[in-house]
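Below is one structure, written out as C-alpha coordinates; the observations come after it.
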Amino acid sequence: MADVFGKAFEWRELKVARATGLYPYFKPIDQTDGTQVNVGGRPVIMVGSNNYLGLSLHPAVKEAAAKALEKYGTSCSGSRLLNGTLDLHVELEEKLARFLGKEMALCFSTGFTTNLGTLSAILERKDYVFSDRLNHASILEGIRGSFGEHKRYRHNDMADLERLLGNAPAEAGKLIVTDGVFSMEGDFADLQGIIALKKKYGARVMVDEAHGLGVLGAHGRGLSEHLGVENDVDLVMGTFSKSFGSLGGVIAGPKEVIEWIKHKARAMVFQASMTPASVAAALASLEIIQAEPERRERLWRIANKMRNAFRLLGYDTGLSDGPVVPVHIGDQIKCFRLWKALYENGVFANPVIPPAVEPGHSLMRTSYMATHTDEQLDRVIEQFEILGKKFKVLSEDAPTAAD
Ligand code: PMP
(Lines give C-alpha, C1' and ligand atoms only; values in the text may rest on other atoms or scores of the structure.)
Protein backbone atom coordinates (compact mmCIF):
# COMPACT_ATOMS: atom_id res chain seq x y z
CA MET A 1 0.00 0.00 0.00
CA ALA A 2 1.30 3.48 -0.81
CA ASP A 3 2.19 5.77 2.06
CA VAL A 4 1.17 9.41 1.63
CA PHE A 5 4.33 10.36 3.53
CA GLY A 6 6.52 8.22 1.23
CA LYS A 7 7.55 11.13 -0.99
CA ALA A 8 8.73 13.09 2.06
CA PHE A 9 10.70 10.23 3.58
CA GLU A 10 12.39 9.56 0.22
CA TRP A 11 13.08 13.18 -0.77
CA ARG A 12 16.64 12.70 -2.02
CA GLU A 13 17.35 16.22 -3.34
CA LEU A 14 16.85 17.76 0.08
CA LYS A 15 19.11 15.21 1.77
CA VAL A 16 21.85 15.73 -0.83
CA ALA A 17 21.66 19.54 -0.57
CA ARG A 18 21.96 19.32 3.23
CA ALA A 19 24.77 16.71 3.15
CA THR A 20 26.86 18.80 0.73
CA GLY A 21 26.36 22.02 2.70
CA LEU A 22 24.59 23.63 -0.25
CA TYR A 23 21.20 24.02 1.39
CA PRO A 24 20.56 27.78 1.48
CA TYR A 25 17.09 28.26 3.00
CA PHE A 26 15.48 28.98 6.38
CA LYS A 27 18.63 30.55 7.84
CA PRO A 28 17.79 31.90 11.31
CA ILE A 29 18.84 35.52 11.78
CA ASP A 30 19.67 36.29 15.39
CA GLN A 31 20.21 40.04 15.15
CA THR A 32 19.54 42.74 12.58
CA ASP A 33 20.05 46.40 11.91
CA GLY A 34 18.33 45.98 8.53
CA THR A 35 21.23 46.14 6.11
CA GLN A 36 23.50 44.00 8.28
CA VAL A 37 22.22 40.85 9.96
CA ASN A 38 23.86 38.23 12.12
CA VAL A 39 23.41 34.60 11.18
CA GLY A 40 24.83 32.18 13.74
CA GLY A 41 26.58 35.15 15.37
CA ARG A 42 28.36 36.13 12.10
CA PRO A 43 27.61 39.48 10.42
CA VAL A 44 26.52 39.44 6.76
CA ILE A 45 25.35 42.26 4.48
CA MET A 46 21.68 41.75 3.65
CA VAL A 47 20.92 42.09 -0.06
CA GLY A 48 17.92 39.78 0.04
CA SER A 49 15.29 41.79 1.88
CA ASN A 50 12.14 43.53 0.64
CA ASN A 51 12.43 46.15 3.39
CA TYR A 52 13.09 48.63 0.57
CA LEU A 53 12.90 51.83 2.58
CA GLY A 54 14.38 50.37 5.77
CA LEU A 55 11.18 51.25 7.66
CA SER A 56 10.90 48.09 9.77
CA LEU A 57 13.62 49.58 11.99
CA HIS A 58 12.57 53.22 11.78
CA PRO A 59 12.15 54.66 15.32
CA ALA A 60 8.71 56.16 14.58
CA VAL A 61 7.44 52.90 13.08
CA LYS A 62 8.73 50.82 15.99
CA GLU A 63 7.28 53.28 18.49
CA ALA A 64 3.85 53.18 16.83
CA ALA A 65 3.91 49.37 16.90
CA ALA A 66 4.99 49.33 20.56
CA LYS A 67 2.22 51.75 21.55
CA ALA A 68 -0.44 49.67 19.77
CA LEU A 69 0.90 46.53 21.40
CA GLU A 70 0.62 48.21 24.80
CA LYS A 71 -2.90 49.50 24.12
CA TYR A 72 -4.53 46.54 22.33
CA GLY A 73 -2.33 43.55 23.24
CA THR A 74 -0.63 41.09 20.92
CA SER A 75 -3.58 39.74 18.92
CA CYS A 76 -7.10 40.62 17.77
CA SER A 77 -8.12 37.01 18.39
CA GLY A 78 -10.68 36.80 15.64
CA SER A 79 -11.70 37.71 12.12
CA ARG A 80 -12.45 41.19 10.87
CA LEU A 81 -16.09 40.21 10.36
CA LEU A 82 -16.72 39.45 14.01
CA ASN A 83 -14.53 40.66 16.87
CA GLY A 84 -11.28 41.39 14.99
CA THR A 85 -11.80 44.93 13.66
CA LEU A 86 -10.03 47.73 15.56
CA ASP A 87 -10.45 51.46 15.02
CA LEU A 88 -6.86 51.23 13.74
CA HIS A 89 -7.87 48.87 10.88
CA VAL A 90 -10.54 51.34 9.79
CA GLU A 91 -8.11 54.27 9.99
CA LEU A 92 -5.53 52.42 7.90
CA GLU A 93 -8.12 51.51 5.26
CA GLU A 94 -9.43 55.06 5.01
CA LYS A 95 -5.94 56.50 4.69
CA LEU A 96 -4.92 53.90 2.09
CA ALA A 97 -8.03 54.55 0.00
CA ARG A 98 -7.17 58.26 -0.02
CA PHE A 99 -3.49 57.58 -0.75
CA LEU A 100 -4.29 55.24 -3.64
CA GLY A 101 -7.08 57.44 -5.02
CA LYS A 102 -9.65 54.64 -4.83
CA GLU A 103 -13.13 54.66 -3.30
CA MET A 104 -12.44 52.00 -0.73
CA ALA A 105 -9.60 49.86 0.63
CA LEU A 106 -9.66 46.62 2.59
CA CYS A 107 -6.79 45.10 4.59
CA PHE A 108 -6.06 41.38 4.88
CA SER A 109 -3.59 39.76 7.29
CA THR A 110 -0.94 39.15 4.61
CA GLY A 111 -0.34 40.11 1.00
CA PHE A 112 -0.62 36.45 0.07
CA THR A 113 -4.13 36.11 1.46
CA THR A 114 -5.10 39.46 -0.11
CA ASN A 115 -4.57 37.96 -3.56
CA LEU A 116 -5.97 34.60 -2.54
CA GLY A 117 -9.10 36.07 -0.98
CA THR A 118 -9.76 38.71 -3.62
CA LEU A 119 -9.43 36.51 -6.68
CA SER A 120 -11.31 33.54 -5.28
CA ALA A 121 -14.16 35.86 -4.27
CA ILE A 122 -14.41 37.92 -7.43
CA LEU A 123 -14.15 35.20 -10.10
CA GLU A 124 -17.22 33.08 -10.61
CA ARG A 125 -18.26 30.47 -13.13
CA LYS A 126 -18.25 31.90 -16.69
CA ASP A 127 -15.75 34.63 -15.71
CA TYR A 128 -12.42 34.57 -17.54
CA VAL A 129 -9.16 35.55 -15.88
CA PHE A 130 -6.01 36.33 -17.86
CA SER A 131 -2.84 35.99 -15.81
CA ASP A 132 0.83 36.59 -16.69
CA ARG A 133 2.84 33.37 -16.51
CA LEU A 134 5.30 34.96 -14.08
CA ASN A 135 2.64 36.26 -11.67
CA HIS A 136 3.19 35.64 -7.98
CA ALA A 137 2.16 32.28 -6.50
CA SER A 138 -0.55 33.96 -4.41
CA ILE A 139 -2.30 35.11 -7.58
CA LEU A 140 -2.17 31.61 -8.96
CA GLU A 141 -3.58 30.20 -5.72
CA GLY A 142 -6.42 32.75 -5.76
CA ILE A 143 -7.34 31.78 -9.31
CA ARG A 144 -7.08 28.07 -8.51
CA GLY A 145 -9.41 28.59 -5.57
CA SER A 146 -12.03 30.21 -7.82
CA PHE A 147 -14.47 28.88 -10.41
CA GLY A 148 -13.18 31.25 -13.10
CA GLU A 149 -11.78 30.11 -16.44
CA HIS A 150 -8.01 30.49 -16.19
CA LYS A 151 -5.91 31.65 -19.18
CA ARG A 152 -2.17 32.23 -18.72
CA TYR A 153 -0.41 34.50 -21.19
CA ARG A 154 3.29 34.51 -21.98
CA HIS A 155 5.26 36.88 -19.79
CA ASN A 156 4.42 40.48 -20.67
CA ASP A 157 3.43 39.35 -24.17
CA MET A 158 0.59 41.59 -25.34
CA ALA A 159 0.06 39.66 -28.57
CA ASP A 160 -0.51 36.47 -26.58
CA LEU A 161 -2.83 38.27 -24.15
CA GLU A 162 -4.82 39.70 -27.05
CA ARG A 163 -5.10 36.27 -28.67
CA LEU A 164 -6.54 34.83 -25.45
CA LEU A 165 -8.89 37.78 -24.93
CA GLY A 166 -10.11 37.43 -28.51
CA ASN A 167 -10.80 33.71 -28.05
CA ALA A 168 -12.93 34.25 -24.92
CA PRO A 169 -16.71 34.61 -25.34
CA ALA A 170 -17.57 38.27 -25.91
CA GLU A 171 -20.23 38.19 -23.18
CA ALA A 172 -17.95 36.69 -20.49
CA GLY A 173 -16.71 38.80 -17.57
CA LYS A 174 -12.97 39.34 -18.02
CA LEU A 175 -10.21 40.20 -15.56
CA ILE A 176 -6.56 40.76 -16.48
CA VAL A 177 -4.30 40.32 -13.47
CA THR A 178 -0.60 41.08 -13.32
CA ASP A 179 2.25 41.76 -10.94
CA GLY A 180 3.40 45.38 -11.36
CA VAL A 181 7.04 44.68 -10.63
CA PHE A 182 7.68 40.97 -11.14
CA SER A 183 8.99 39.57 -7.89
CA MET A 184 11.88 37.43 -9.11
CA GLU A 185 12.98 39.13 -12.34
CA GLY A 186 12.39 42.69 -11.13
CA ASP A 187 10.99 43.83 -14.49
CA PHE A 188 7.85 45.94 -14.99
CA ALA A 189 4.49 44.88 -16.41
CA ASP A 190 3.48 46.52 -19.69
CA LEU A 191 0.58 48.31 -18.04
CA GLN A 192 0.00 50.65 -20.97
CA GLY A 193 -0.38 47.65 -23.28
CA ILE A 194 -2.67 45.92 -20.79
CA ILE A 195 -4.87 49.02 -20.39
CA ALA A 196 -5.21 49.35 -24.17
CA LEU A 197 -6.40 45.71 -24.36
CA LYS A 198 -8.67 46.17 -21.35
CA LYS A 199 -10.43 48.96 -23.24
CA LYS A 200 -10.60 47.06 -26.50
CA TYR A 201 -12.08 43.90 -24.94
CA GLY A 202 -14.15 45.39 -22.11
CA ALA A 203 -12.09 43.76 -19.38
CA ARG A 204 -11.15 44.81 -15.83
CA VAL A 205 -7.58 45.08 -14.56
CA MET A 206 -6.01 44.16 -11.22
CA VAL A 207 -2.38 45.08 -10.50
CA ASP A 208 -0.34 43.55 -7.69
CA GLU A 209 1.80 46.46 -6.49
CA ALA A 210 3.61 44.43 -3.80
CA HIS A 211 7.03 45.63 -5.00
CA GLY A 212 5.86 49.00 -6.34
CA LEU A 213 4.04 50.65 -3.43
CA GLY A 214 6.28 53.09 -1.60
CA VAL A 215 8.98 52.56 -4.21
CA LEU A 216 7.67 53.69 -7.61
CA GLY A 217 5.90 56.84 -8.74
CA ALA A 218 6.54 60.40 -7.57
CA HIS A 219 4.28 59.81 -4.55
CA GLY A 220 5.10 56.12 -4.04
CA ARG A 221 1.79 54.84 -5.35
CA GLY A 222 3.43 52.18 -7.45
CA LEU A 223 4.01 51.23 -11.07
CA SER A 224 0.63 52.53 -12.22
CA GLU A 225 1.56 55.99 -10.93
CA HIS A 226 5.02 55.68 -12.49
CA LEU A 227 3.42 54.87 -15.87
CA GLY A 228 0.54 57.34 -15.50
CA VAL A 229 -2.27 54.78 -15.75
CA GLU A 230 -3.68 54.80 -12.20
CA ASN A 231 -7.21 55.75 -13.20
CA ASP A 232 -7.48 52.81 -15.58
CA VAL A 233 -6.46 50.21 -13.00
CA ASP A 234 -9.64 48.86 -11.39
CA LEU A 235 -8.15 46.98 -8.44
CA VAL A 236 -4.82 47.80 -6.79
CA MET A 237 -3.29 45.22 -4.48
CA GLY A 238 -0.44 45.99 -2.10
CA THR A 239 1.43 44.41 0.76
CA PHE A 240 2.92 45.84 3.95
CA SER A 241 5.75 43.31 4.25
CA LYS A 242 8.00 45.20 1.86
CA SER A 243 8.37 49.01 1.75
CA PHE A 244 5.89 49.37 4.67
CA GLY A 245 8.12 47.35 7.01
CA SER A 246 5.16 45.48 8.50
CA LEU A 247 2.87 42.57 7.66
CA GLY A 248 -0.52 42.58 5.93
CA GLY A 249 -2.04 43.42 2.57
CA VAL A 250 -4.53 45.74 0.92
CA ILE A 251 -6.95 45.65 -1.97
CA ALA A 252 -8.43 48.95 -3.18
CA GLY A 253 -11.01 49.81 -5.83
CA PRO A 254 -14.69 50.69 -6.39
CA LYS A 255 -16.74 50.66 -3.18
CA GLU A 256 -19.24 47.99 -4.24
CA VAL A 257 -16.49 45.64 -5.39
CA ILE A 258 -14.55 46.02 -2.15
CA GLU A 259 -17.77 45.48 -0.16
CA TRP A 260 -18.28 42.24 -2.11
CA ILE A 261 -14.74 41.05 -1.34
CA LYS A 262 -15.13 42.11 2.29
CA HIS A 263 -18.14 39.83 2.74
CA LYS A 264 -17.31 37.00 0.33
CA ALA A 265 -13.54 36.42 0.61
CA ARG A 266 -12.96 33.45 2.85
CA ALA A 267 -9.50 34.77 3.69
CA MET A 268 -11.27 37.82 5.16
CA VAL A 269 -14.26 36.24 6.85
CA PHE A 270 -12.47 33.18 8.24
CA GLN A 271 -8.98 34.54 9.00
CA ALA A 272 -7.82 36.40 12.10
CA SER A 273 -7.15 40.07 11.40
CA MET A 274 -3.84 41.96 11.22
CA THR A 275 -2.26 42.33 14.67
CA PRO A 276 -2.51 45.76 16.34
CA ALA A 277 1.26 46.27 16.07
CA SER A 278 1.24 45.43 12.34
CA VAL A 279 -1.56 47.89 11.63
CA ALA A 280 0.09 50.67 13.63
CA ALA A 281 3.44 50.05 11.90
CA ALA A 282 1.77 50.23 8.47
CA LEU A 283 0.05 53.50 9.44
CA ALA A 284 3.32 55.05 10.61
CA SER A 285 5.11 53.89 7.45
CA LEU A 286 2.39 55.34 5.23
CA GLU A 287 3.10 58.76 6.78
CA ILE A 288 6.83 58.42 6.11
CA ILE A 289 6.30 57.16 2.57
CA GLN A 290 4.24 60.26 1.83
CA ALA A 291 6.48 62.73 3.66
CA GLU A 292 9.95 61.53 2.64
CA PRO A 293 10.33 60.99 -1.11
CA GLU A 294 14.11 61.21 -0.67
CA ARG A 295 14.07 57.60 0.60
CA ARG A 296 12.68 56.48 -2.76
CA GLU A 297 15.21 58.59 -4.61
CA ARG A 298 18.14 57.08 -2.67
CA LEU A 299 16.77 53.58 -3.27
CA TRP A 300 16.65 54.25 -7.00
CA ARG A 301 20.22 55.57 -7.05
CA ILE A 302 21.39 52.45 -5.20
CA ALA A 303 19.49 50.03 -7.44
CA ASN A 304 20.86 51.69 -10.57
CA LYS A 305 24.40 51.65 -9.19
CA MET A 306 24.16 47.92 -8.47
CA ARG A 307 22.55 47.05 -11.81
CA ASN A 308 25.19 49.00 -13.70
CA ALA A 309 28.03 47.46 -11.69
CA PHE A 310 26.74 43.91 -12.29
CA ARG A 311 26.25 44.58 -16.00
CA LEU A 312 29.76 46.03 -16.30
CA LEU A 313 31.15 42.89 -14.73
CA GLY A 314 29.36 40.85 -17.37
CA TYR A 315 26.45 39.55 -15.32
CA ASP A 316 23.06 39.17 -16.98
CA THR A 317 20.55 41.17 -14.93
CA GLY A 318 17.74 40.51 -17.40
CA LEU A 319 15.08 43.18 -17.79
CA SER A 320 15.15 44.32 -14.17
CA ASP A 321 14.32 47.96 -13.71
CA GLY A 322 13.76 48.63 -10.00
CA PRO A 323 15.21 47.68 -6.62
CA VAL A 324 15.04 43.94 -7.39
CA VAL A 325 18.21 43.08 -9.32
CA PRO A 326 18.55 39.42 -10.29
CA VAL A 327 21.79 37.92 -11.52
CA HIS A 328 20.99 35.12 -13.95
CA ILE A 329 23.03 31.97 -13.35
CA GLY A 330 21.09 29.20 -15.11
CA ASP A 331 22.31 26.01 -13.46
CA GLN A 332 20.87 25.34 -10.00
CA ILE A 333 23.99 23.79 -8.45
CA LYS A 334 26.16 26.63 -9.75
CA CYS A 335 23.67 29.02 -8.19
CA PHE A 336 23.86 27.24 -4.81
CA ARG A 337 27.69 27.18 -4.95
CA LEU A 338 27.83 30.91 -5.63
CA TRP A 339 25.28 31.53 -2.87
CA LYS A 340 27.39 29.55 -0.36
CA ALA A 341 30.60 31.36 -1.27
CA LEU A 342 28.89 34.77 -1.06
CA TYR A 343 27.43 33.84 2.29
CA GLU A 344 30.77 32.66 3.66
CA ASN A 345 32.24 35.95 2.49
CA GLY A 346 29.66 38.10 4.24
CA VAL A 347 26.92 38.60 1.62
CA PHE A 348 23.34 37.36 2.11
CA ALA A 349 21.60 37.03 -1.29
CA ASN A 350 18.70 34.79 -2.32
CA PRO A 351 19.19 31.83 -4.67
CA VAL A 352 15.98 31.33 -6.67
CA ILE A 353 15.38 27.97 -8.32
CA PRO A 354 12.40 26.25 -10.00
CA PRO A 355 9.45 26.34 -9.50
CA ALA A 356 9.90 30.05 -8.65
CA VAL A 357 11.63 30.38 -12.06
CA GLU A 358 11.60 28.22 -15.20
CA PRO A 359 13.87 25.11 -15.09
CA GLY A 360 17.44 26.01 -16.12
CA HIS A 361 16.90 29.67 -15.22
CA SER A 362 18.09 29.76 -11.62
CA LEU A 363 19.15 33.18 -10.47
CA MET A 364 20.65 35.05 -7.54
CA ARG A 365 18.06 37.59 -6.51
CA THR A 366 19.46 40.72 -4.90
CA SER A 367 17.32 43.56 -3.59
CA TYR A 368 18.24 46.86 -2.03
CA MET A 369 17.29 49.22 0.78
CA ALA A 370 17.49 52.99 0.94
CA THR A 371 19.53 52.48 4.12
CA HIS A 372 22.40 50.51 2.54
CA THR A 373 25.72 52.37 2.78
CA ASP A 374 28.00 52.82 -0.21
CA GLU A 375 30.70 50.82 1.60
CA GLN A 376 28.33 47.87 2.00
CA LEU A 377 27.37 48.00 -1.66
CA ASP A 378 30.99 48.21 -2.83
CA ARG A 379 31.79 45.13 -0.77
CA VAL A 380 28.87 43.26 -2.36
CA ILE A 381 30.09 44.17 -5.85
CA GLU A 382 33.63 43.12 -4.96
CA GLN A 383 32.49 39.70 -3.74
CA PHE A 384 30.25 39.15 -6.77
CA GLU A 385 33.27 39.88 -8.94
CA ILE A 386 35.78 37.67 -7.12
CA LEU A 387 33.40 34.75 -6.58
CA GLY A 388 31.70 35.03 -9.96
CA LYS A 389 35.10 34.49 -11.58
CA LYS A 390 36.04 31.72 -9.16
CA PHE A 391 32.85 29.78 -9.85
CA LYS A 392 32.96 30.47 -13.60
CA VAL A 393 29.74 32.43 -13.64
CA LEU A 394 31.87 35.27 -15.02
CA SER A 395 34.73 34.70 -17.41
CA GLU A 396 38.26 35.23 -16.00
CA ASP A 397 38.91 38.16 -18.30
CA ALA A 398 35.66 39.96 -17.43
CA PRO A 399 36.31 43.64 -16.67
CA THR A 400 36.76 44.48 -13.01
CA ALA A 401 34.33 46.77 -11.19
CA ALA A 402 37.07 49.40 -11.13
CA ASP A 403 37.49 49.39 -14.95
N1 PMP B 1 2.57 39.49 -4.45
C2 PMP B 1 3.86 39.59 -4.81
C3 PMP B 1 4.20 40.06 -6.18
C4 PMP B 1 4.86 39.24 -3.92
O5 PMP B 1 6.14 39.31 -4.28
C6 PMP B 1 4.50 38.78 -2.62
C7 PMP B 1 5.54 38.42 -1.58
N8 PMP B 1 6.70 37.89 -2.02
C9 PMP B 1 3.15 38.68 -2.29
C10 PMP B 1 2.22 39.06 -3.24
C11 PMP B 1 2.71 38.19 -0.96
O12 PMP B 1 2.90 39.17 0.01
P13 PMP B 1 3.26 38.84 1.51
O14 PMP B 1 4.57 38.12 1.52
O15 PMP B 1 3.34 40.18 2.14
O16 PMP B 1 2.18 37.99 2.06
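Residues of the range 58-82 that are under 23 Å from the mean Cα position of the chain (by Cα) and either in the same structural domain as Gly346 (by TED's automatic domain parsing) or surrounded by 20 or more Cβ atoms within 10 Å (Cβ to Cβ) (or both): His58, Val61, Ala65. Residues that are within 30 Å of Val357 (Cα to Cα), away from the ligand (no atom under 11 Å from the Cβ) and part of a strand (DSSP E or B) within the range 97-136 comprise Cys107, Tyr128, Val129, Phe130, Ser131, listed in sequence order. Inclusion of Met237 among residues that are within 16 Å of the ligand (Cβ to nearest atom), in contact (Cβ under 8 Å) with a residue 60 or more places away in the chain and over 21 Å from Ser183 (Cβ atoms) is not warranted.
Is at least one residue of the range 191-199 within 29 Å of His328 (Cβ to Cβ), polar (S, T, N, Q) and either within 16 Å of the ligand (Cβ to nearest atom) or surrounded by fewer than 24 Cβ atoms within 10 Å (Cβ to Cβ) (or both)? Within the range 191-199, one or more residues are within 29 Å of His328 (Cβ to Cβ), polar (S, T, N, Q) and either within 16 Å of the ligand (Cβ to nearest atom) or surrounded by fewer than 24 Cβ atoms within 10 Å (Cβ to Cβ) (or both).
Within the range 189-221, the set of residues being of a type in the set (Gly, Ala, Ser) and within 19 Å of Ser138 (Cα to Cα) comprises Ala189, Ala210, Gly212. Figure legend. Inter-residue proximity from the range 110-123: first residues under 9 Å from Gly145 (Cα atoms) and assigned by TED's automatic domain parsing to the domain that holds Ser146, second residues hydroxyl-bearing (Ser, Thr, Tyr) and away from the ligand (no atom under 11 Å from the Cβ), beta-carbon distance below 6 Å, spacing 6+ or different chains. Indicated pairs: Leu119/Ser146; Ser120/Ser146.
Residues are listed down the side, and each one gets a yes or a no for (1) more than 16 Å from the ligand (Cβ to nearest atom); (2) more than 22 Å from Gln271 (Cβ to Cβ):
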{"residue": "Gly48", "(1), (2)": "no, yes"}
{"residue": "Glu63", "(1), (2)": "yes, yes"}
{"residue": "Leu69", "(1), (2)": "yes, no"}
{"residue": "Cys76", "(1), (2)": "yes, no"}
{"residue": "Arg80", "(1), (2)": "yes, no"}
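Would you pick out the residues in the range 361-370 that are under 29 Å from Gly220 (Cβ atoms) and in contact with a helix residue (DSSP H, G or I) (Cβ under 8 Å, 6 or more places away or on another chain)? First the steps, then the outcome.
To start, the set of residues in the range 361-370 that are under 29 Å from Gly220 (Cβ atoms) comprises 363-370.
Scanning the range 361-370 gives Leu363, Met364, Thr366, Tyr368, Met369, Ala370.
Are any residues in the range 333-349 under 10 Å from Pro24 (Cα atoms), surrounded by fewer than 20 Cβ atoms within 10 Å (Cβ to Cβ) and basic (Lys, Arg), and if so, which ones? Across the range 333-349, the qualifying residue is only Lys340.
Among the residues of the range 205-217, is there at least one that is in contact (Cβ under 8 Å) with a residue 40 or more places away in the chain, farther than 26 Å from Ile353 by Cα and either outside the structural domain of Glu103 (by TED's automatic domain parsing) or more than 23 Å from the chain's Cα centre (by Cα) (or both)? Within the range 205-217 (the criterion being in contact (Cβ under 8 Å) with a residue 40 or more places away in the chain, farther than 26 Å from Ile353 by Cα and either outside the structural domain of Glu103 (by TED's automatic domain parsing) or more than 23 Å from the chain's Cα centre (by Cα) (or both)), the answer is no, since none of the residues qualifies. Only residues that are of a type in the set (Val, Ile, Thr) and in a helix (DSSP H, G or I) were counted across the range 39-69, and they come to 1.
Which one of these is farther than 21 Å from Ser75 by Cβ, touching a residue at least 40 places away in the same chain (Cβ under 8 Å) and in the same structural domain as Gly245 (by TED's automatic domain parsing): Leu312, Leu299, Leu286?
So the residue among Leu312, Leu299, Leu286 that is farther than 21 Å from Ser75 by Cβ, touching a residue at least 40 places away in the same chain (Cβ under 8 Å) and in the same structural domain as Gly245 (by TED's automatic domain parsing) is Leu286.
When Ala203 is tested against the conditions (1) within 16 Å of the ligand (Cβ to nearest atom); (2) buried (at least 19 other Cβ atoms within 10 Å of the Cβ), the lone failure is (1). Restricting attention to the range 244-256, the residues that are within 11 Å of the ligand (Cβ to nearest atom) and in contact with a Phe, Trp or Tyr (Cβ under 9 Å, 6 or more places away or on another chain) total 5.
For the range 347-360, give me each residue that is in a loop (DSSP other than H, G, I, E, B) and either aromatic (Phe, Trp, Tyr) or out of contact with any helix residue (DSSP H, G or I) (no Cβ under 6 Å at 6 or more places or on another chain) (or both).
Residues of the range 347-360 in a loop (DSSP other than H, G, I, E, B): 349, 353-360.
Residues satisfying the conditions are Pro354, Pro355, Ala356, Val357, Glu358, Pro359, Gly360.
Given the structure, is Lys305 in contact with a Leu (Cβ under 7 Å, 6 or more places away or on another chain) and surrounded by fewer than 24 Cβ atoms within 10 Å (Cβ to Cβ)? Steps first, answer last, please.
Details: in contact with a Leu (Cβ under 7 Å, 6 or more places away or on another chain): yes; surrounded by fewer than 24 Cβ atoms within 10 Å (Cβ to Cβ): yes.
When the stated conditions are applied, Lys305 passes them.
The values are calculated or read from the model by the stated rules, or taken from the named source; none is laboratory data. Since we're looking at a predicted model, the values are computed, not measured. Positions of Cβ are generated from backbone atoms using ideal geometry, with glycine treated the same way; all protein chains shown enter the neighbour counts.
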